Amino acid sequence: MFIPMTYGASLLFFSPDDWLTVTLRLGGALLVGGAIGLNRQQSGRPAGLRTYMAVSVGAAIFVMIPLQAGIDINSTNALSRTVQGVATGVGFIGGGIILQQSRQNLKPQVKGLTSAAAIWLTAGLGTAAGCGMWATSLVGTLITLVILSGVKKLKQVPIYRSHIYRKPTSKNAKLFRSTEPGSNSSVDNKAADDR
């Protein structure tokens, strides 16, 4: 069954011979992955520039395949299944980055969750670029960079640390000592760790 082409569908679907569209969409996915990968690599995270670029371009390629097949019921269903497959498949890549480090007598720490989430998010942005959704790709990339860089800086603000993490800074350590009786030794140790 053939569905008549509408304006929105004409922007989404394209011919496999349309080199300009292929280049623009894959190039957009490359830039999205590169921007996020560069941010993560500068922070010294386990996945860097090449990983994020590969995930983004790979996601774009997977969604572009059904988009080039033509407009009918089967291609829109295939696109939906492809997007679901990309989201699930990239989750396995992210799972490989997550590490749990157990230390004796201390709470276990989980490392790599943000990197795994960023890889998953990058796949979504690559998918949007592959579908030609430029505004979604651009705004999503900017928001992602704010999340990865801006929120990290927010976590260094003393009021955030004292209220969210309950980690006293040197300025508010006395406040914690006076309001939490019997916990002076743990507060002193925490304050020493923060220095």
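The values are calculated or read from the model by the stated rules, or taken from the named source; none is laboratory data. Computed from a prediction, not measured in an experiment: that's the story for all the values here. Counting neighbours? That spans all protein chains shown, and the Cβs are built from the backbone with ideal geometry, glycine included.
A47 meets all of the listed conditions (1) more than 17 Å from T144 (Cα to Cα); (2) crowded, with 19+ Cβ neighbours inside 10 Å but one, namely (1). For segment 60-99, filtered to residues that are of a type in the set (A, V, I, L, M, F, W, C) and more than 23 Å from the chain's Cα centre (by Cα), the residue that is farthest from M133 (Cα to Cα) is I73.
State all residues of segment 114-131 that are more than 17 Å from G150 (Cα to Cα) and part of a helix (DSSP H, G or I); if no residue qualifies, say none.
A116, I119, W120, T122, A123, G124, L125, G126, T127, A128, A129, G130
Filtered by the rule that a residue be out of contact with any strand residue (DSSP E or B) (no Cβ under 9 Å at 6 or more places or on another chain), farther than 13 Å from A87 by Cβ and not aliphatic (A, V, I, L, M), segment 109-129 gives T114, S115. Within segment 155-174, restricting attention to residues that are exposed (fewer than 13 other Cβ atoms within 10 Å of the Cβ) and in a helix (DSSP H, G or I), the residue that is modelled with the lowest pLDDT is K174. Look at (1) outside any helix (DSSP H, G or I); (2) polar (S, T, N, Q); (3) modelled with pLDDT under 55 and you find that S178 fails only one, number (1). The single condition among (1) hydroxyl-bearing (S, T, Y); (2) farther than 27 Å from V22 by Cβ; (3) at pLDDT 90 or above that T114 does not satisfy is (3). Beta carbons closer than 8 Å, at least 6 apart along the sequence or on distinct chains, pair a first residue in segment 56-74 that is in the same structural domain as T23 (by TED's automatic domain parsing) and modelled with pLDDT under 90 with a second that is aliphatic (A, V, I, L, M) and surrounded by 19 or more Cβ atoms within 10 Å (Cβ to Cβ) for P66/L79; L67/L79. Within segment 105-152, the set of residues being touching a Ser or Thr at 6+ places or on another chain (Cβ under 6 Å) and farther than 16 Å from G27 by Cβ comprises P108, L121.
Candidates in segment 66-100 are the residues that are in contact with a helix residue (DSSP H, G or I) (Cβ under 7 Å, 6 or more places away or on another chain) and of a type in the set (V, I, T); of these, the one that is farthest from W120 (Cα to Cα) is I71.
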